[in-house]
């Protein structure tokens, strides 16, 4: 998550450009009848582009050196107002706007302090009737549905006003004024990232299928330093298309309760505010706000027709000012709908505007995601073979190369008339300034972990990295120094070379890893990008830390070097692998690995072999030649792709895994017969605005007689960092099993409890509860202490134990995340097997986690 949110931080960092502050104008805008503050009111200096918009409390601030002395205040549904002011005496303005047309006999005004009742409330009855009819006009009730969609996403510096130089000399960034844009509300912005896409969406009811065919797509801006597809996937999840007719609305990687949810009457207060005309239809203006403003809900308006269909003609959504949501200073969502001749609901526009802020007082960034829909029809595609495509999103290569004329011809008028190549020109000029050029390179290295070997990154054929692995350490090697790198698609779109050299100051041994991989399909950026279809050969000699496997980071990550105890449970491993692996768009993946390895004992992990007469003989190594088959099913999986890892964006869909490994004694020099099977399932369960639970369950069994390095060694986390799929208070190789069943349950409550505690709720902390454990068992055939069948086994190292099959290992944790918006602290304690010497029964763990 951290690498994804770094994008938002990078954009916010551009707000360092200074603003002019010759005089300040501050004030608050309220409704003249209700006295309630009005958010997103445009306040501008008359006849200029200098202005601001009010926040959710109706407050605004703007600065200027202009000689204009008249404010122009405007807001949809209210009479525009002009107000003269005196500079230096305009910091406490109170401006009231009058509604343009309001029939008080039809309005139920929300009083300042009221006792809201659901029973016998006409607003609640009205929304229940609308919710009951929400499915009746769904366009996906038809056998086929198709439409064209234009999407535009813009990130910009908010309220950008350059500060003139006191000495009158030109500054390095004076050219930025050429790229300033003015919004409809009068706010000035400086766009620094822009994405556009034109696509056609095809839907089939039976079998249920949706395909998106992209006709054109392009992107430019400061986010070019990130993975192109990974960033697009991330933004798609952050700014999902909003469907208010579902119970939950996925947005900012969270779940918001929809005002049209079946649980809406228990989550929201509803108010009948007015009757207005929308698109020629007489509608009720139904206002709503959550009972608890800190929870993940909206405030806003539903405009619903005054007829038996309860048709939603328009919707406006805002986030409450007190919501427990990071980096979002304000947000509006506006959607409009048309009614097809048969009464079907058709969305025509989905417009999201967001103010991102690092702090309450910062100007931050402005973001807009605009979707415009057209050419809706209830018919299938011209080419029925579209539904036979394996990919859900079909992007032909020509979509990336559309001409400016194509964009001008196909871009909707509503998307704006500003020159659309402004961001490309802006980036070209910024890169001509040395300080920006160097800064962009440094940010690229920090986010990707690699250093390009060409001044133009796209032409770099080889890159050094990952940089966070160059210096680390452990008890066996002492200080570990490593250098490595990988070829890129500039070298070949199908053939990739990867590897590293490492050296330990204590063991004074050279380690290495070399990979040659051939992809059967062209790659755009990385060899591991989805979908993988390749054959790979790898040869490795390195240290093997038994019972310590990290799922989403490299074992040489320097931040893992600080441990709560010495990680001496290690061997040396010489490994040769030939791997075939293939992934499909439907979620299926499978592979086969031919693996030949030799594992060498150390003073900390000895191989004391038991002979036929019970005699113990020190063995230097053993050899295995095995075949592993892998199966994985992860439908609709979403992740952020980097060169070496995939970080899950959402875990909404289940992930199933099945692996089986086999070896036969004396075949290709194998020392043992070996059969091992493991299965796993992972799933996230959402409780709407009340958080979510991540559940991971695994089970496995070694069917044959095998030495302890080949048995099941639970994954111990010896670092102070929170690491997924590992046990926090377990020692490495503390337990050795040949069959197991494990679980890992974590509940992220999104502040459900803390949001209700006075004062504490202002900190916007969020609760985390975890419970993980394992049932384990070692059968007699693999127990070296049973003399009847222990020939060929290795004695267990000191400090290793057998588990009681009826007593699982368990640990629990209570934590708080979102401390200072990035820190998570967990207090974790061990529940069973607390009598083992040298263990840690409780402790504090932490992690850095940036999230909304």
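The values are calculated or read from the model by the stated rules, or taken from the named source; none is laboratory data. Just so you know, these numbers come straight off a predicted model, no measurement behind them. FYI the Cβ positions are ideal-geometry reconstructions off the backbone, even for glycines, and counts take in every protein chain you see.
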Original post:
Restricting attention to the range 798-809, does a residue exist that is crowded, with 17+ Cβ neighbours inside 10 Å, within 19 Å of residue 723 (Cα to Cα) and touching a strand residue (DSSP E or B) at 6+ places or on another chain (Cβ under 8 Å)?
Top reply: yes
Subject >> Residue match in the range 507-520 (condition: closer than 27 Å to residue 218 by Cα, modelled with pLDDT of 95 or more and surrounded by fewer than 13 Cβ atoms within 10 Å (Cβ to Cβ)) >> reply: yes
Original post:
From the residues in the range 146-187 that are closer than 30 Å to residue 201 by Cα and at pLDDT below 80, which one is farthest from the chain's Cα centre (by Cα)?
Top reply: 184
Original post:
Of the residues 384, 392, which single one is surrounded by fewer than 14 Cβ atoms within 10 Å (Cβ to Cβ) and either touching a strand residue (DSSP E or B) at 6+ places or on another chain (Cβ under 6 Å) or in contact (Cβ under 8 Å) with a residue 12 or more places away in the chain (or both)?
Top reply: 392
Subject >> Failed condition for residue 375, given (1) part of a strand (DSSP E or B); (2) touching a residue at least 24 places away in the same chain (Cβ under 8 Å); (3) buried (at least 17 other Cβ atoms within 10 Å of the Cβ) >> reply: (3)
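The rows are residues; the columns are (1) touching a strand residue (DSSP E or B) at 6+ places or on another chain (Cβ under 7 Å); (2) assigned to a strand (DSSP E or B); (3) buried (at least 16 other Cβ atoms within 10 Å of the Cβ).
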residue	(1), (2), (3)
678	yes, yes, yes
697	yes, yes, no
700	yes, yes, yes
705	no, no, yes
724	no, no, yes
731	yes, no, yes
**OP:** Could you tell me whether residue 120 is loosely packed, with under 14 Cβ neighbours inside 10 Å and within 17 Å of residue 377 (Cβ to Cβ)?
**Re:** no
**OP:** Tally the residues that are surrounded by 15 or more Cβ atoms within 10 Å (Cβ to Cβ) and under 28 Å from the mean Cα position of the chain (by Cα), restricting the search to the range 427-438.
**Re:** 2
Subject >> Residue selected from the range 447-469 under the condition free of Cβ contacts under 8 Å to residues at least 40 places away in the same chain and part of a loop (DSSP other than H, G, I, E, B), by the criterion surrounded by the most Cβ atoms within 10 Å (Cβ to Cβ) >> reply: 460
Original post:
For the range 651-696, which residues satisfy the criterion of being more than 14 Å from residue 254 (Cβ to Cβ) and touching a helix residue (DSSP H, G or I) at 6+ places or on another chain (Cβ under 8 Å)?
Top reply: 672, 674, 676
**OP:** State all residues of the range 575-587 that are surrounded by fewer than 16 Cβ atoms within 10 Å (Cβ to Cβ) and part of a strand (DSSP E or B); if no residue qualifies, say none.
**Re:** 576, 578, 580
Subject >> One residue from 261, 227 being assigned by TED's automatic domain parsing to the domain that holds residue 391 and at pLDDT 95 or above >> reply: 261
Subject >> Single match in 496, 491, 530, 537 (criterion: without any contact (Cβ under 8 Å) to a residue 60 or more places away in the chain and part of a loop (DSSP other than H, G, I, E, B)) >> reply: 491
Original post:
Which residue out of 262, 295 is within 21 Å of the chain's Cα centre (by Cα), touching a residue at least 60 places away in the same chain (Cβ under 8 Å) and more than 30 Å from residue 194 (Cβ to Cβ)?
Top reply: 295
**OP:** State whether the residues of the range 785-797 include one that is outside any loop (DSSP other than H, G, I, E, B), farther than 19 Å from residue 701 by Cβ, over 39 Å from the mean Cα position of the chain (by Cα) and at pLDDT 90 or above.
**Re:** yes
